[in-house]
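The values are calculated or read from the model by the stated rules, or taken from the named source; none is laboratory data. Quantities reported herein were computed from a predicted structural model and do not represent experimental measurements. Here the Cβ is made from the backbone with ideal geometry for all residues, glycine too, and neighbour counts use every protein chain on show. What goes into the accessible areas is simple: the full protein's heavy atoms, side chains included, and nothing from ligands, DNA or RNA. Shrake-Rupley method; radii C 1.70, N 1.55, O 1.52, S 1.80 Å.
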Amino acid sequence: MAKTILYIITLFTISSCYTLNGISIPDNVTSYYVDNFDLKARNAPPLINQIFTEDLKNKINQQTKLVANDTEPDVEFKGEISRYDLEQLAPTRSEESSLNRLKVSISVEYINNKNNDLSWKQTFSQNYDFSPDQDLLSIQDQAIDDIYEQIIEQIFNKSFADW
């Protein structure tokens, strides 16, 4: 029994990271910085980049022990809202759309200053489909919230989940 406990303790010590809710962050990573994401997408509402930046910060604050630090952070996030497009899908015989889609793409650069091999760049995209009976302005806030929630979850998992 004593050997089993020692073995478990040794395994935990060797891994030198903490795990919380399916995420795995090395012990030497204690701070993060999220730069203000740029707004490069045409036709996008103003300030959606600031909303995204704050939403990403909130996710990291709520689900990790990392501390925000804008000078020499261990990990950094930066990027831009690169696409904000409204598409009409599934046209009918009368050439009207039977479905509208809002597509948002966000280009992200993740910089791991403790281990550069873990750094990456990727564009994340999500859609929000809605009825042509609805006006984009009437569903826009909910659509952006839903899209951001999905994209932030993908960014978070790519950055901190030990897949």
Notebook entry, point to check: Looking at this structure, is LYS121 loosely packed, with under 14 Cβ neighbours inside 10 Å and within 19 Å of LEU39 (Cβ to Cβ)?
Noted result: yes
Check: If you check every pair at least six apart or on different chains, which have Cβ atoms under 6 Å apart with a residue in region 87-112 that is within 30 Å of PHE160 (Cα to Cα) first and a residue that is at pLDDT 65 or above and β-branched (Val, Ile, Thr) second?
Finding: VAL104/ILE147; SER105/THR123; ILE106/ILE81; ILE106/ILE151; SER107/THR123; VAL108/ILE155; ASN112/VAL75
Notebook entry, point to check: Do you know which residues across region 70-87 are part of a strand (DSSP E or B) and either open to solvent by 70 Å² or more (accessible area, probe 1.4 Å) or within 20 Å of ILE51 (Cβ to Cβ) (or both)?
Noted result: GLU76, PHE77, LYS78, GLY79, GLU80, ILE81, SER82, ARG83, TYR84, ASP85, LEU86
Item checked: Residue check, TYR110 touching a Pro at 6+ places or on another chain (Cβ under 9 Å), surrounded by 12 or more Cβ atoms within 10 Å (Cβ to Cβ) and not in a loop (DSSP other than H, G, I, E, B) -> no
Next item on the list: Tell me which of these PRO132 doesn't satisfy, since it passes every other one: (1) touching a residue at least 24 places away in the same chain (Cβ under 8 Å); (2) within 22 Å of ASN49 (Cα to Cα).
Entry: (2)
Next item on the list: Could you tell me whether ILE139 is under 23 Å from SER31 (Cβ atoms), aliphatic (A, V, I, L, M), out of contact with any Pro (no Cβ under 9 Å at 6 or more places or on another chain) and outside any strand (DSSP E or B)?
Entry: no
Margin query: Could you list, ordered by first residue, the pairs with Cβ atoms under 8 Å in which the first is in region 48-69 and of a type in the set (Val, Ile, Thr) and the second is open to solvent by 80 Å² or more (accessible area, probe 1.4 Å), at least 6 apart or interchain?
Written below: THR53/ASN36
